[in-house]
Amino acid sequence: MRTFLCAHTLTIRQIDVLALEALLHNACGEPQVAIASLRQALALAAPAEITRPFVDMGHEMAALLREATPKAGPQAGFAADVLAAFSENNAADVERRPSAHERWNNLCSNR
């Protein structure tokens, strides 16, 4: 049980880092690097259907997902599920969530 929880927590942290990298690269005008990071995050999240890290990043992530996710292939279905998870959340709740910069600072300070 402990091994599973540690592995799951590590995977979520990796997804967080890759998704944040995607947002930061996108904000810095590096869309190809952003797309690569986002696809890596989706690949890690898809087997366990982990959507929360993406949704927690708010409307910036939703916009990047709409813009950058493949329309076909193994990640297309999961990316659609992640986007659906955004619509299931209250828009006001998404707006109260920390920005990508705040999440990055929190993630780095938890080391």
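Worth pointing out:
- Gained length - Glu49 relative to Lys71, 0.36 nm times residue gap less alpha-carbon distance: 6.1 nm
- Each residue, Ala36 and Asp56, gets one label point 7 Å from its Cα in the Cβ direction; the gap between the two is 2.6 nm.
- Summary of packing: across the peptides 28-41, 68-81, 50-63, the per-residue average of other C-beta atoms within 10 Å ranks them, highest first, as 50-63, 28-41, 68-81.
Every number here is computed from the coordinates shown, using simple stated rules; none is lab data. Since we're looking at a predicted model, the values are computed, not measured. Cβ atoms come from the backbone with ideal geometry, glycine included; neighbour counts cover every protein chain shown.
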